[in-house]
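Quick notes on the structure that follows.
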Amino acid sequence: MGAFLTWAPLLLDALSFVLVLALVALGLVVIFGLMGVINLAHGELFMLGAYTVVLAVGWGVPFWLAVVLAPIAVGAVGWLVEVLLIRRLAARPLDTILATWGLAIVLQQAAVLAFGPGSRSVARPTDATVTFAGISYPAYRLELMAIAALVLVATMALFARTRVGLRARAAIADPDMAAALGVNVRRVRAQSFVLGAALAGLAGALVAPIISVDPHMGFGFLVPAFLSILAGGGVSLGGVLGGAAIIGGADSLLGHWMSPVVSQIVVFLIAIVAIRLRAARAAGS
Amino acid sequence: MLEIRDLRAGYGQSMVLNGVNLDIAHGTVTALLGRNGMGKTTLCRVLIGLLPMTSGTITLDNDSISHMAPHRLARRGLAYVPQGRSIFARFTVQENLDLGLSARGGRIPPHIFEWFPMLAELRGRRAGTLSGGEQQMLALARALVAEPSLLILDEPSEGLQPSRVTAIGDVLLRIVADKRVTVFLVEQNLALVRRVAAITAFLVDGVIAGGAAGRDLSPQSPLIQRYLGL
Amino acid sequence: MRDAPLPVALAVFAGLGLVPFVLGDYWTGQLARYVLFGLFAMSLALVWGRAGILCFGQAMFFGIGGYAMATVTLGTFAAVPFTAALPALVLAVAVAAAAALLVALFLFWGAGIGGAYLAAVTLALAAILEQAVRGWYGLGADNGLSGVPPLPLGDNPWDPRPIYFVVLAVAAAVYFGLLALLESRFGTLLTALRTNPERLAHLGYSVVALRVAVFTLGGAIAGLAGALFVATDAFASPSLIGFALSAEVLIWVALGGRSVLLAAFLAAILIRVAEAYLSETLGPWWLLTLGTLFMVSVAAVPNGVLATPLLWLQGRLRRTS
């Protein structure tokens, strides 16, 4: 019982990290799967989502409305980025890694200039805790987990069950044939980038009350999200959850046994081995 | 309905089509015969907008469609069954058919299952698990669900047993008769062409080298000897 | 695939040789560091631009060379029986090359990995190495190793001019050495490796061996640059080994021109000079400008801002001759 009381909050913390990471990674994977684009500016889109909430709440907008506004605002930024930058690199997918890395630097510095280099915070919408089986846990974190899980399931259902999702999957599988059947492949790609950006914005908005918001916060999420999707297999939506569970779970749980340095190293090693094995198997099949 | 004038196209520096001129009349089956490497598939890809042309014009019902994107051409009523079929192997039969609706939306017209009765039973199956003949029927059905005005077929008989080729011929004759769909059939299979095509053109080295009424083609005719080397 | 026109390359190195006679000691010393960053950039241009291996962790080898140089000359590890600069330099290059060989074997062995996967794995490896160094007290952890002895050149070892000339001579020797190598059959094989590896394998060449060879060579050059840098700067810090410098060198090489060694070399120097002059006055605007330039050049001038005119000139010179 004592062990349960100690471990349950830790596991819940790990789960909430995994779900947020999965949300960030899902945005990355939508963009990677549909466009072959590794979006290294994804962490900055996440950061913009968090700042949207900080600013909006500062202007007196209710918290939950700000959470709804964030993906819309970040999705709009994503649309601009797709039209102005990504579309021009359609024939050179590897170069999008570099271009989006440049974009990441630009967005980071723009945030430093606009909001200052220091960290900001936003109050949680509720300080209530929920007590169950002897454990009390912050209610906001539970709400965050529920929303993240809901959005993950909804996005997967969008791809698996709807006609729009079917066209998007066709555009991944065989863009030429999809186009010949009447799918506007370019528009599908633009939409997927906007959706991916909006997911990053939503993730940023949701974590804004529980972490400190600063211009460099994106990188800390980008790297594990990036490793999650590659370790999880690149394009499958189910793989995202698996990858995020391995990377995020290891990251937040190992910290309790070993120093943060060692746990980081272990997480990265797990990711590298997973990516190497998966890539070798993909090439072999 | 479709007029191709002085069409030139190719890949990079090497030209494959060197000035193709061809008319396809409403409600007919027009066939194009040619050996491998003569530019048949290149012509199909240009017509459906997947390969940009270097010069020339294509008009559909008196409107120029020369540089239209493939999805717009699909919405204008062009449908395409490529060589090798290109069905989505990991999707179900139903999903493949639904994708055919991308060009116009709506529902799958009931006559599709009259033309392809076996697909009704296979709807839940993964397309990749179907036999070659079934996959070809699926590719045809998928092209027809959008009720196109012009159907472009690139070697539908390739790799199929003679009985399956006969079945494809039956379907083609039926859809032309039922719905007045115009068909442009690119083939090497002389028997299929003789059976279904009203007019046949020959593609040699990227130009149209001659034509004949479909039923006049016998394997002994000098045209066949000259252009197909049979 | 040619590099910059030979007269331009000669003029660049000759011009750099004249700089100490124009600038004061401080800038000569700074420029020696920038030339070493240029040498480092060349190593990435070789691996990425010429062989098509997009490595996101090239600073691993720069940092390994640097830390090897620092620990040997400082006598940090009793197991190494000497502290003299020259054998230390040789050992540093060898250790960096060995590390690159190990990484290359891990990356390319068997079916190997490429593209985004390779970028991710090299990025993660660089991050691991940086974390390890930051946590390793024997290597000074976050503080790094200071007081690294300078190269023994003349009576006053801190006179920046002899250091500068040695560093420039090394960079020139590596550049012209690589040029000769790239003109040989190895260069032809590298071009084939980048553009059409399947064909190369079909002709009976080992794609794995070629990739491993060029990656190891790139690692050795980066290690050489890092070792000389640490001796020049008298300081080995964890920032030399991790992701940040790896990303920076990628920006220099992409902006200059990934496939032209001279363009990568010059871009590193020019960007560092600009940074030295501008980063104080511009503050965050400097990085914003650099990031924008980088992004725009990748989209609009994929061959690089410096390499594009150099290659154009190369083409003209060949047509007229």
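The values are calculated or read from the model by the stated rules, or taken from the named source; none is laboratory data. These figures come from a predicted structure and were not determined experimentally. Backbone-built Cβ (ideal geometry, glycine too); neighbour counts: all protein chains shown. For the accessible areas, the whole protein counts, side chains as well, though only heavy atoms, and no ligand, DNA or RNA atoms are used. Shrake-Rupley method; radii C 1.70, N 1.55, O 1.52, S 1.80 Å.
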Farthest toward positive dipole pole in region A:2-215 [+1 Lys/Arg, -1 Asp/Glu at C-beta], among A:PHE17, A:PRO175, A:LEU113: A:PRO175
Regression test value, accessible area per residue of the protein assembly as shown, probe 1.4 Å, units Å², expected 40 Å²
Would you mind calculating the relative contact order of chain C from Cα pairs under 8 angstrom and at least 6 residues apart, reporting the percent as a whole number? 36 percent
Remind me, relative contact order of chain A in percent, using alpha carbon pairs under 8 angstrom and six or more residues apart? 36 percent
Can you check how the C-alpha radius of gyration of region C:136-267 compares to 2.2 N^0.38 Å, as a plain ratio? 1.30
Taking chain C as a Gaussian network, Cα atoms linked when under 10 Å apart, which of C:PRO152, C:PRO238, C:PRO162 shows the biggest mean-square fluctuation? C:PRO152
Considering the dipole of region C:6-320 built from charges on the beta carbon (Lys and Arg +1, Asp and Glu -1) around the Cα centre, which of C:LEU224, C:ALA88, C:GLY315 is farthest to its positive end? C:GLY315
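Considering only the protein assembly as shown, what is the antiparallel percent among its DSSP beta bridges, to the nearest 5?
Working: 29 of 47 bridges.
Looking only at bridges with both residues in the protein assembly as shown, the antiparallel portion is about 60 percent.
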Could you please put A:LEU206, A:LEU69 in sequence from largest to smallest accessible area, using a 1.4 Å probe? A:LEU69, A:LEU206
With labels modelled as points extended 7 Å from the Cα through the Cβ direction, what inter-label distance (nm, one decimal) is found for B:VAL204 paired with A:LEU158? 5.6 nm
Report, in whole Å, the centroid distance computed from the Cα atoms of region A:146-202 and region B:38-106. 22 Å
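For the protein assembly as shown, what percent of Cα pairs sit more than 44 Å apart? Each step should come with its number before you reach the end.
Numbers: 143001 of 349030 pairs.
Percent of Cα pairs beyond 44 Å in the protein assembly as shown: 41.
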Residues listed by number, region C:198-216, amide nitrogen under 19 Å from C:LEU105 label point at 7 Å toward C-beta: C:206-216
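Where does each of A:PHE219, A:PHE115, B:PHE91 land when they are ordered by accessible area, with a 1.4 Å probe and the largest first? The partial results should precede the final answer.
Working: A:PHE219 70, A:PHE115 50, B:PHE91 15 Å².
Per-residue accessible area, sorted high to low, gives A:PHE219, A:PHE115, B:PHE91.
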Separation between the A:ALA3 and C:ARG161 pseudo-spin-labels, each 7 Å from Cα along Cα→Cβ, expressed in nm? 7.4 nm
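Work out the FRET efficiency for A:ALA123 and B:MET15 from their Cβ-Cβ distance, taking R0 = 51 Å, and round it to the nearest 0.05.
Working: r = 68 Å, r/R0 = 1.34.
Efficiency, from the Cβ-Cβ distance: 0.15.
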Between chains C and A, total accessible area buried, probe 1.4 Å, no ligands or nucleic acids, nearest 100 Å², roughly 3300 Å²
What accessible surface, in Å², does a 1.4 Å probe find on C:TYR277, ignoring ligands, DNA and RNA and rounding to the nearest 10? 130 Å²
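Contact order normalised by length for chain B, with contacts defined as Cα pairs under 8 Å and 6 or more residues apart; what percent is it? All intermediate terms of the calculation are to be shown ahead of the outcome.
On the way: 451 pairs, mean separation 63.2, N = 230.
Reported as a whole number, the value is 27 percent.
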Using the Cα centre of the protein assembly as shown as origin and beta-carbon charges of +1 (Lys, Arg) and -1 (Asp, Glu), tell me which of C:ALA234, C:GLY144, C:ALA268 is placed farthest towards the positive end of the dipole. C:ALA268
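Work out the FRET efficiency for B:GLN83 and B:THR54 from their Cβ-Cβ distance, taking R0 = 25 Å, and round it to the nearest 0.05. Working shown, then result.
On the way: r = 22 Å, r/R0 = 0.88.
So the FRET efficiency works out to roughly 0.70.
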How much solvent-accessible surface does A:PHE4 expose, in Å² to the nearest 10, with a 1.4 Å probe and all protein chains in place? 100 Å²
In region C:1-103 the accessible area split gives carbon plus sulfur, as whole percent at 1.4 Å, a share of 75 percent
Go ahead and collect, in residue order, the members of region C:1-27 whose backbone nitrogen is under 18 Å from a label point 7 Å along the Cα-Cβ direction of C:TYR205. C:1-3
Could you give the nm distance between label points at C:VAL80 and C:TYR137, where each point is 7 Å from its Cα heading toward the beta carbon? 2.2 nm
Can you tell which of A:ALA208, A:ALA190, A:ALA179 shows the greatest fluctuation in a Gaussian network model of chain A with Cα springs below 10 Å? A:ALA179
How big is the gap, in Å, between the Cα center of region A:63-81 and the Cα center of region C:181-210? 48 Å
Residue ranges of DSSP H helices in chain A that stretch 30 Å or more (Cα, own long axis) and have mean Kyte-Doolittle hydropathy of at least 1.0 are A:2-35, A:63-84, A:93-115, A:139-161, A:185-207, A:260-284
Largest-first ranking of B:ASP178, A:ASP214 by accessible area, probe 1.4 Å, whole protein assembly kept, is B:ASP178, A:ASP214
